[in-house]
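Heads up: the structure comes next, in C-alpha coordinates.
The values are calculated or read from the model by the stated rules, or taken from the named source; none is laboratory data. Because the structure is a prediction, the values reported are computed rather than measured. In this analysis, Cβ positions are derived from the backbone assuming ideal geometry, glycine residues included, and neighbour counts consider all displayed protein chains. Side chains are part of the model used for accessible areas, which takes the heavy atoms of the whole protein and leaves out ligands, DNA and RNA. Shrake-Rupley method; radii C 1.70, N 1.55, O 1.52, S 1.80 Å.
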Amino acid sequence: MPIRQLSVSGVRNLAPLDLQPHPRVNFIYGDNGSGKSSLLESIALLSTGKSFRSNQIKQLIKHEADRLELRCGLSTEPADENSAVDMEDEDLKELYSLRLRNGDVLFRFDGSVLTSQADVATHLPVQVIEPNTFRLLVGSPEDRRQFLDWGVFHVVPEFIEQWRVFRKVLKQRNSVLKQKEESWLDAWDSGFVEASEKIHQHRIHYIEQFVPRFEETLKALDPNIQVRLAYYPGWEKDSNLADVLNRQRERDLQVGYTQSGPHRAELRIKVDKLAAADVLSRGQQKTVVAALKLTQGILFKQHCGTAPIYLVDDLASELDSGHRLALCQLLEDLKCQVFITSIEKRQLMESWSPSDYKVFHVERGEVREEPRLDQANAEEPQG
Ligand SMILES: Nc1ncnc2c1ncn2[C@@H]1O[C@H](COP(=O)(O)OP(=O)(O)OP(=O)(O)O)[C@@H](O)[C@H]1O
Ligand SMILES: [Mg+2]
(Lines give C-alpha, C1' and ligand atoms only; values in the text may rest on other atoms or scores of the structure.)
(Ligands and ions follow the chains in the order given, each with its own letter.)
Protein backbone atom coordinates (compact mmCIF):
# COMPACT_ATOMS: atom_id res chain seq x y z
CA MET A 1 0.00 0.00 0.00
CA PRO A 2 2.60 2.73 0.79
CA ILE A 3 4.11 4.59 -2.14
CA ARG A 4 7.69 3.43 -2.55
CA GLN A 5 8.30 5.08 -5.88
CA LEU A 6 6.82 8.31 -7.12
CA SER A 7 7.28 9.94 -10.53
CA VAL A 8 5.62 13.20 -11.42
CA SER A 9 5.91 15.24 -14.59
CA GLY A 10 4.02 18.21 -15.98
CA VAL A 11 2.62 19.36 -12.61
CA ARG A 12 2.71 23.12 -11.86
CA ASN A 13 6.30 24.34 -11.26
CA LEU A 14 7.71 20.88 -10.41
CA ALA A 15 10.61 19.65 -12.50
CA PRO A 16 10.07 16.01 -13.53
CA LEU A 17 10.82 14.03 -10.42
CA ASP A 18 11.48 10.48 -9.40
CA LEU A 19 11.49 9.84 -5.66
CA GLN A 20 11.69 6.87 -3.35
CA PRO A 21 9.49 7.95 -0.44
CA HIS A 22 9.80 6.35 2.96
CA PRO A 23 6.97 3.89 3.69
CA ARG A 24 6.31 5.79 6.92
CA VAL A 25 7.14 9.46 7.37
CA ASN A 26 8.21 11.87 4.64
CA PHE A 27 9.13 15.38 5.75
CA ILE A 28 9.03 17.90 2.93
CA TYR A 29 10.26 21.43 3.45
CA GLY A 30 11.03 24.45 1.29
CA ASP A 31 10.36 28.14 0.82
CA ASN A 32 7.05 29.66 -0.22
CA GLY A 33 6.29 28.85 -3.83
CA SER A 34 8.93 26.11 -4.04
CA GLY A 35 6.42 23.36 -4.94
CA LYS A 36 5.60 21.51 -1.68
CA SER A 37 1.83 21.69 -2.05
CA SER A 38 2.14 20.78 -5.72
CA LEU A 39 3.88 17.56 -4.74
CA LEU A 40 1.09 16.60 -2.33
CA GLU A 41 -1.51 17.73 -4.82
CA SER A 42 -0.06 15.28 -7.36
CA ILE A 43 -0.62 12.34 -4.99
CA ALA A 44 -4.13 13.56 -4.09
CA LEU A 45 -4.98 13.98 -7.75
CA LEU A 46 -3.92 10.46 -8.56
CA SER A 47 -6.09 9.08 -5.74
CA THR A 48 -9.19 11.26 -5.87
CA GLY A 49 -9.21 12.70 -9.38
CA LYS A 50 -9.49 16.11 -7.75
CA SER A 51 -7.17 18.84 -6.60
CA PHE A 52 -7.53 20.14 -3.07
CA ARG A 53 -6.72 23.63 -4.38
CA SER A 54 -8.25 24.12 -7.84
CA ASN A 55 -11.61 23.23 -9.28
CA GLN A 56 -10.09 22.73 -12.70
CA ILE A 57 -7.55 19.98 -13.13
CA LYS A 58 -6.02 21.78 -16.08
CA GLN A 59 -4.72 24.42 -13.62
CA LEU A 60 -2.36 21.74 -12.32
CA ILE A 61 -0.82 21.09 -15.70
CA LYS A 62 2.42 23.01 -16.10
CA HIS A 63 2.02 26.17 -18.19
CA GLU A 64 2.83 25.39 -21.81
CA ALA A 65 2.63 21.60 -21.26
CA ASP A 66 -0.21 19.58 -22.76
CA ARG A 67 -0.26 16.81 -20.16
CA LEU A 68 0.70 15.63 -16.72
CA GLU A 69 1.80 12.14 -15.78
CA LEU A 70 1.81 10.51 -12.36
CA ARG A 71 3.26 7.15 -11.46
CA CYS A 72 3.32 5.39 -8.10
CA GLY A 73 5.06 2.13 -7.26
CA LEU A 74 2.84 0.73 -4.51
CA SER A 75 4.00 -1.82 -2.01
CA THR A 76 1.76 -4.78 -1.37
CA GLU A 77 2.75 -4.70 2.33
CA PRO A 78 1.17 -2.39 4.92
CA ALA A 79 3.26 0.68 5.86
CA ASP A 80 4.00 -0.52 9.39
CA GLU A 81 5.41 -3.82 8.20
CA ASN A 82 7.30 -2.49 5.30
CA SER A 83 9.82 -0.05 6.79
CA ALA A 84 12.51 -2.65 7.08
CA VAL A 85 11.91 -4.19 3.66
CA ASP A 86 14.49 -3.34 1.05
CA MET A 87 12.79 -1.87 -2.01
CA GLU A 88 14.75 -4.10 -4.36
CA ASP A 89 13.08 -7.09 -2.69
CA GLU A 90 9.60 -5.70 -3.18
CA ASP A 91 7.10 -6.58 -5.82
CA LEU A 92 5.73 -3.09 -6.50
CA LYS A 93 2.47 -2.57 -8.36
CA GLU A 94 2.38 0.46 -10.61
CA LEU A 95 -0.52 2.91 -10.54
CA TYR A 96 -0.30 5.29 -13.50
CA SER A 97 -2.37 8.26 -14.60
CA LEU A 98 -2.13 10.47 -17.65
CA ARG A 99 -4.16 13.66 -17.97
CA LEU A 100 -4.32 15.84 -21.03
CA ARG A 101 -5.20 19.51 -21.11
CA ASN A 102 -8.30 18.67 -23.18
CA GLY A 103 -9.64 16.63 -20.23
CA ASP A 104 -8.80 13.15 -21.49
CA VAL A 105 -7.60 10.81 -18.78
CA LEU A 106 -6.13 7.33 -18.61
CA PHE A 107 -5.53 5.13 -15.55
CA ARG A 108 -3.64 1.90 -15.32
CA PHE A 109 -2.97 -0.38 -12.40
CA ASP A 110 -0.43 -3.15 -12.74
CA GLY A 111 -0.68 -2.86 -16.53
CA SER A 112 -4.50 -3.05 -16.74
CA VAL A 113 -6.64 -0.07 -17.68
CA LEU A 114 -8.98 1.11 -14.92
CA THR A 115 -12.31 2.55 -15.96
CA SER A 116 -13.28 4.68 -12.98
CA GLN A 117 -11.74 6.96 -10.41
CA ALA A 118 -13.37 4.83 -7.69
CA ASP A 119 -11.25 1.88 -8.86
CA VAL A 120 -8.14 4.05 -8.61
CA ALA A 121 -9.08 5.18 -5.10
CA THR A 122 -9.23 1.59 -3.85
CA HIS A 123 -5.56 1.16 -4.75
CA LEU A 124 -4.44 4.50 -3.33
CA PRO A 125 -6.66 5.68 -0.46
CA VAL A 126 -5.54 9.08 0.80
CA GLN A 127 -6.70 11.58 3.39
CA VAL A 128 -5.68 15.22 3.03
CA ILE A 129 -5.24 17.71 5.88
CA GLU A 130 -4.35 21.12 4.47
CA PRO A 131 -4.89 24.80 5.24
CA ASN A 132 -8.38 24.84 3.71
CA THR A 133 -9.41 21.68 5.48
CA PHE A 134 -11.76 23.68 7.73
CA ARG A 135 -14.03 24.04 4.68
CA LEU A 136 -15.40 20.60 5.46
CA LEU A 137 -17.23 22.28 8.34
CA VAL A 138 -18.25 25.48 6.60
CA GLY A 139 -18.87 24.03 3.13
CA SER A 140 -21.97 22.46 1.64
CA PRO A 141 -23.77 19.36 3.01
CA GLU A 142 -22.53 17.59 -0.11
CA ASP A 143 -18.91 17.96 1.04
CA ARG A 144 -19.71 16.22 4.32
CA ARG A 145 -21.82 13.60 2.58
CA GLN A 146 -18.89 12.80 0.32
CA PHE A 147 -16.61 12.66 3.34
CA LEU A 148 -18.92 10.18 5.05
CA ASP A 149 -19.28 8.11 1.89
CA TRP A 150 -15.50 7.89 1.44
CA GLY A 151 -15.42 5.91 4.68
CA VAL A 152 -18.45 3.78 3.86
CA PHE A 153 -17.11 3.04 0.37
CA HIS A 154 -13.76 1.80 1.67
CA VAL A 155 -15.27 -0.25 4.47
CA VAL A 156 -18.16 -1.71 2.42
CA PRO A 157 -16.87 -2.40 -1.10
CA GLU A 158 -20.36 -3.08 -2.53
CA PHE A 159 -21.47 0.42 -1.48
CA ILE A 160 -20.21 2.02 -4.70
CA GLU A 161 -22.36 -0.29 -6.84
CA GLN A 162 -25.37 0.31 -4.62
CA TRP A 163 -24.77 4.05 -4.91
CA ARG A 164 -24.67 3.78 -8.72
CA VAL A 165 -27.97 1.88 -8.67
CA PHE A 166 -29.47 4.52 -6.40
CA ARG A 167 -28.30 7.38 -8.67
CA LYS A 168 -29.88 5.65 -11.65
CA VAL A 169 -33.24 5.18 -9.90
CA LEU A 170 -33.14 8.78 -8.66
CA LYS A 171 -32.51 10.05 -12.18
CA GLN A 172 -35.38 8.00 -13.54
CA ARG A 173 -37.77 9.14 -10.79
CA ASN A 174 -36.78 12.79 -11.40
CA SER A 175 -37.42 12.41 -15.09
CA VAL A 176 -40.91 10.98 -14.35
CA LEU A 177 -41.53 13.98 -12.04
CA LYS A 178 -40.40 16.42 -14.70
CA GLN A 179 -42.75 14.88 -17.23
CA LYS A 180 -45.54 14.97 -14.60
CA GLU A 181 -46.28 11.27 -15.20
CA GLU A 182 -47.87 10.77 -11.78
CA SER A 183 -49.29 7.34 -12.61
CA TRP A 184 -45.75 5.93 -13.05
CA LEU A 185 -44.53 7.07 -9.66
CA ASP A 186 -45.93 4.10 -7.71
CA ALA A 187 -43.79 1.76 -9.78
CA TRP A 188 -40.63 3.86 -9.31
CA ASP A 189 -41.11 4.57 -5.62
CA SER A 190 -40.69 1.02 -4.39
CA GLY A 191 -37.33 0.71 -6.22
CA PHE A 192 -36.31 4.11 -4.96
CA VAL A 193 -37.12 3.21 -1.35
CA GLU A 194 -35.30 -0.11 -1.62
CA ALA A 195 -32.13 1.47 -3.07
CA SER A 196 -32.29 4.32 -0.52
CA GLU A 197 -32.61 1.97 2.44
CA LYS A 198 -29.44 0.13 1.44
CA ILE A 199 -27.44 3.38 1.30
CA HIS A 200 -28.97 4.57 4.56
CA GLN A 201 -28.26 1.33 6.43
CA HIS A 202 -24.58 1.32 5.40
CA ARG A 203 -24.23 4.94 6.45
CA ILE A 204 -25.92 4.36 9.80
CA HIS A 205 -23.73 1.36 10.51
CA TYR A 206 -20.61 3.36 9.65
CA ILE A 207 -21.67 6.36 11.77
CA GLU A 208 -22.30 4.10 14.77
CA GLN A 209 -18.70 2.94 14.59
CA PHE A 210 -17.43 6.40 13.71
CA VAL A 211 -18.86 8.55 16.52
CA PRO A 212 -17.15 6.95 19.54
CA ARG A 213 -13.78 6.79 17.73
CA PHE A 214 -14.16 10.41 16.68
CA GLU A 215 -14.83 11.50 20.27
CA GLU A 216 -11.68 9.72 21.45
CA THR A 217 -9.62 11.18 18.64
CA LEU A 218 -10.82 14.73 19.17
CA LYS A 219 -10.16 14.39 22.90
CA ALA A 220 -6.59 13.36 22.14
CA LEU A 221 -6.15 16.39 19.88
CA ASP A 222 -7.92 18.87 22.13
CA PRO A 223 -9.92 17.89 25.22
CA ASN A 224 -11.51 21.35 25.38
CA ILE A 225 -13.46 21.17 22.13
CA GLN A 226 -16.93 19.71 22.58
CA VAL A 227 -18.64 18.92 19.30
CA ARG A 228 -21.42 16.52 18.45
CA LEU A 229 -21.96 14.66 15.20
CA ALA A 230 -25.51 14.16 14.02
CA TYR A 231 -26.48 12.19 10.95
CA TYR A 232 -29.68 13.02 9.06
CA PRO A 233 -30.72 10.44 6.51
CA GLY A 234 -32.13 12.94 3.99
CA TRP A 235 -35.74 12.65 5.05
CA GLU A 236 -37.71 13.36 8.21
CA LYS A 237 -36.08 11.60 11.09
CA ASP A 238 -37.92 8.52 12.42
CA SER A 239 -40.24 8.53 9.39
CA ASN A 240 -40.64 5.87 6.81
CA LEU A 241 -39.25 7.04 3.44
CA ALA A 242 -42.20 5.56 1.51
CA ASP A 243 -44.62 7.64 3.63
CA VAL A 244 -42.49 10.74 3.18
CA LEU A 245 -42.48 10.26 -0.61
CA ASN A 246 -46.25 9.87 -0.60
CA ARG A 247 -46.73 12.99 1.48
CA GLN A 248 -44.33 14.98 -0.69
CA ARG A 249 -45.56 13.71 -4.03
CA GLU A 250 -47.46 16.88 -4.92
CA ARG A 251 -44.53 19.10 -4.09
CA ASP A 252 -42.07 16.81 -5.91
CA LEU A 253 -44.28 17.03 -9.00
CA GLN A 254 -44.40 20.81 -8.72
CA VAL A 255 -40.61 21.26 -8.45
CA GLY A 256 -39.80 18.37 -10.79
CA TYR A 257 -37.29 16.53 -8.61
CA THR A 258 -37.10 14.27 -5.54
CA GLN A 259 -36.71 16.37 -2.42
CA SER A 260 -36.09 13.58 0.06
CA GLY A 261 -33.71 10.64 0.00
CA PRO A 262 -30.11 9.70 0.73
CA HIS A 263 -28.91 12.28 -1.82
CA ARG A 264 -30.00 14.88 0.77
CA ALA A 265 -28.34 13.24 3.78
CA GLU A 266 -26.33 15.44 6.13
CA LEU A 267 -23.60 14.97 8.65
CA ARG A 268 -24.11 17.91 10.98
CA ILE A 269 -21.31 19.00 13.25
CA LYS A 270 -22.54 21.01 16.17
CA VAL A 271 -21.40 22.79 19.30
CA ASP A 272 -24.39 22.69 21.62
CA LYS A 273 -27.19 23.52 19.18
CA LEU A 274 -25.13 25.68 16.83
CA ALA A 275 -23.19 24.73 13.71
CA ALA A 276 -19.54 24.18 14.66
CA ALA A 277 -18.51 26.39 11.74
CA ASP A 278 -20.28 29.39 13.33
CA VAL A 279 -18.75 28.96 16.78
CA LEU A 280 -15.25 27.51 16.60
CA SER A 281 -12.06 29.43 15.84
CA ARG A 282 -10.21 28.62 12.65
CA GLY A 283 -7.61 26.53 14.52
CA GLN A 284 -10.36 24.67 16.39
CA GLN A 285 -12.14 24.00 13.09
CA LYS A 286 -8.95 22.56 11.64
CA THR A 287 -8.53 20.41 14.75
CA VAL A 288 -12.08 19.05 14.42
CA VAL A 289 -11.59 18.27 10.73
CA ALA A 290 -8.24 16.62 11.48
CA ALA A 291 -10.05 14.46 14.07
CA LEU A 292 -12.69 13.53 11.48
CA LYS A 293 -10.04 12.56 8.95
CA LEU A 294 -7.94 10.64 11.45
CA THR A 295 -11.03 8.75 12.58
CA GLN A 296 -11.64 7.65 9.01
CA GLY A 297 -8.09 6.35 8.91
CA ILE A 298 -8.57 4.46 12.17
CA LEU A 299 -11.76 2.76 10.94
CA PHE A 300 -10.21 2.12 7.54
CA LYS A 301 -7.29 0.38 9.22
CA GLN A 302 -9.63 -1.63 11.42
CA HIS A 303 -11.46 -2.94 8.34
CA CYS A 304 -8.73 -3.09 5.71
CA GLY A 305 -5.72 -3.96 7.88
CA THR A 306 -3.72 -0.93 6.79
CA ALA A 307 -4.22 2.81 7.12
CA PRO A 308 -4.69 5.25 4.23
CA ILE A 309 -1.88 7.59 3.22
CA TYR A 310 -2.00 10.99 4.92
CA LEU A 311 -1.05 14.15 3.08
CA VAL A 312 -0.55 16.95 5.61
CA ASP A 313 0.15 20.22 3.84
CA ASP A 314 1.53 23.14 5.80
CA LEU A 315 1.42 21.54 9.23
CA ALA A 316 1.91 24.86 11.02
CA SER A 317 -1.00 26.67 9.43
CA GLU A 318 -3.53 27.52 12.17
CA LEU A 319 -2.09 24.98 14.62
CA ASP A 320 0.02 25.90 17.64
CA SER A 321 2.86 23.68 18.76
CA GLY A 322 0.72 21.69 21.21
CA HIS A 323 -1.83 20.83 18.52
CA ARG A 324 0.92 20.03 16.02
CA LEU A 325 2.47 17.60 18.47
CA ALA A 326 -0.87 15.95 19.20
CA LEU A 327 -1.69 15.56 15.50
CA CYS A 328 1.72 14.05 14.74
CA GLN A 329 1.37 11.68 17.70
CA LEU A 330 -1.92 10.34 16.31
CA LEU A 331 -0.36 9.90 12.87
CA GLU A 332 2.50 8.05 14.53
CA ASP A 333 0.02 5.78 16.36
CA LEU A 334 -1.73 5.01 13.08
CA LYS A 335 1.56 3.77 11.62
CA CYS A 336 0.56 5.02 8.20
CA GLN A 337 2.56 6.56 5.40
CA VAL A 338 2.61 10.33 5.76
CA PHE A 339 3.76 13.16 3.49
CA ILE A 340 3.98 16.27 5.62
CA THR A 341 5.12 19.73 4.55
CA SER A 342 6.32 22.88 6.24
CA ILE A 343 8.33 25.93 5.30
CA GLU A 344 10.90 25.15 7.96
CA LYS A 345 12.53 21.83 8.59
CA ARG A 346 13.07 22.69 12.23
CA GLN A 347 9.35 23.14 12.83
CA LEU A 348 8.62 19.73 11.33
CA MET A 349 11.26 17.94 13.32
CA GLU A 350 10.22 19.65 16.56
CA SER A 351 6.67 18.40 16.10
CA TRP A 352 7.62 14.85 15.30
CA SER A 353 10.69 12.76 15.83
CA PRO A 354 9.90 9.32 14.44
CA SER A 355 12.67 6.79 14.00
CA ASP A 356 11.60 5.95 10.43
CA TYR A 357 11.56 8.88 8.05
CA LYS A 358 13.08 10.65 5.08
CA VAL A 359 13.54 14.35 4.48
CA PHE A 360 13.01 16.03 1.13
CA HIS A 361 13.95 19.60 0.30
CA VAL A 362 12.01 21.44 -2.38
CA GLU A 363 13.72 24.33 -4.10
CA ARG A 364 12.25 26.12 -7.13
CA GLY A 365 10.42 23.00 -8.26
CA GLU A 366 13.32 20.59 -7.70
CA VAL A 367 12.73 17.94 -5.02
CA ARG A 368 15.81 16.34 -3.46
CA GLU A 369 16.14 13.76 -0.73
CA GLU A 370 18.43 14.95 2.03
CA PRO A 371 20.70 12.57 3.89
CA ARG A 372 19.62 12.13 7.48
CA LEU A 373 22.13 13.73 9.81
CA ASP A 374 22.11 10.84 12.29
CA GLN A 375 22.80 8.35 9.49
CA ALA A 376 25.37 10.60 7.77
CA ASN A 377 27.30 10.82 11.06
CA ALA A 378 27.04 7.10 11.62
CA GLU A 379 28.52 6.42 8.21
CA GLU A 380 31.49 8.76 8.61
CA PRO A 381 34.82 6.89 8.76
CA GLN A 382 36.12 6.57 12.31
CA GLY A 383 39.45 8.04 13.50
N1 LIG B 1 0.20 25.47 -13.96
C2 LIG B 1 1.34 25.94 -13.45
N3 LIG B 1 2.50 25.88 -14.18
C4 LIG B 1 3.66 26.33 -13.66
N5 LIG B 1 3.78 26.84 -12.43
C6 LIG B 1 2.68 26.94 -11.67
C7 LIG B 1 1.41 26.49 -12.14
N8 LIG B 1 0.50 26.68 -11.17
C9 LIG B 1 1.16 27.23 -10.14
N10 LIG B 1 2.48 27.39 -10.43
C11 LIG B 1 3.56 27.88 -9.55
O12 LIG B 1 4.02 26.78 -8.81
C13 LIG B 1 4.71 27.26 -7.65
C14 LIG B 1 4.59 26.24 -6.53
O15 LIG B 1 3.43 26.41 -5.79
P16 LIG B 1 3.13 25.57 -4.49
O17 LIG B 1 1.82 26.05 -4.03
O18 LIG B 1 3.33 24.14 -4.73
O19 LIG B 1 4.27 26.09 -3.50
P20 LIG B 1 4.48 25.76 -1.95
O21 LIG B 1 5.89 25.27 -1.80
O22 LIG B 1 3.42 24.91 -1.44
O23 LIG B 1 4.40 27.23 -1.32
P24 LIG B 1 3.78 27.74 0.09
O25 LIG B 1 4.84 27.52 1.12
O26 LIG B 1 3.59 29.19 -0.16
O27 LIG B 1 2.53 27.01 0.35
C28 LIG B 1 4.19 28.65 -7.41
O29 LIG B 1 5.27 29.54 -7.60
C30 LIG B 1 3.14 28.86 -8.48
O31 LIG B 1 3.16 30.14 -8.99
MG1 LIG C 1 1.89 25.25 -0.08
- Query: For the stretch 270-383, with only Lys/Arg (+1) and Asp/Glu (-1) charged at the beta-carbon, what is the dipole magnitude about the Cα centre, in debye rounded to 20?
  - Reply: 540
- Helix 182-221 versus the longest principal axis of the chain: what angle, 0 to 90°, nearest 10, using Cα atoms? 40
- Roll a 1.4 angstrom probe over the protein heavy atoms and tell me the percent of accessible area of the chain that is carbon or sulfur. 46
- Potential lengthening between Q201 and K219 on full extension [0.36 nm per residue; Cα-Cα distance subtracted]: 3.7 nm
- Task: Pick out, from L245, Y29, P308, the residue whose Cα sits farthest towards the positive end of the charge dipole of the chain, with +1 on the Cβ of Lys and Arg and -1 on the Cβ of Asp and Glu.
- Result: L245
- For the stretch 1-55, go through all pairs of different Cα atoms, get the mean of 1/r, take its inverse, and jot down that Kirkwood value in Å. 12.1
- Query: Distance in nm between label sites at S281 and L98, each 7 Å beyond Cα in the beta-carbon direction?
  - Reply: 5.0
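How large is the accessible surface per residue of the chain, computed with a 1.4 Å probe and reported in Å² as a whole number?
Per residue, the chain has 48 Å² of solvent-accessible surface.
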- Note on the structure: Rounded to a whole number, the Stokes-Einstein D of the chain in µm²/s (Kirkwood radius over Cα pairs; 10 °C; 1.306 mPa s) is 71
- Between Q20 and E208, what is the FRET efficiency for a Förster distance of 41 Å, r being their Cβ-Cβ separation, to the nearest 0.05? 0.50
- Message: Using Stokes-Einstein with the Kirkwood hydrodynamic radius over Cα pairs, what translational diffusion coefficient do you get for the stretch 95-144 at 25 °C and a viscosity of 0.890 mPa s, in µm²/s rounded to a whole number?
- Response: 185
- Return the ratio Rg/(2.2 N^0.38 Å) for the stretch 131-307, where Rg is computed over Cα atoms only. 1.14
- Using a simple spin-label model with points 7 Å from Cα along the Cα→Cβ vector, what separation in nm is obtained for Q302 and Y257? 3.5
- Here the gain from full extension of S175 to V113, 0.36 nm per residue of separation minus their alpha-carbon distance, amounts to 19.0 nm
- Query: Near K62, which aspartates and glutamates are there with a Cα under 18 Å away, not counting those fewer than 8 places off in the same chain?
  - Reply: D18, E41, D104, E363, E366
- Under the rule of -39500 (n - 2.57) per DSSP H run of 4 or more residues, summed and divided by the residues of the chain, what mean residue ellipticity at 222 nm is obtained, to the nearest 500 deg cm²/dmol? -14500 deg cm²/dmol
- Query: With labels modelled as points extended 7 Å from the Cα through the Cβ direction, what inter-label distance (nm, one decimal) is found for N132 paired with E161?
  - Reply: 3.6
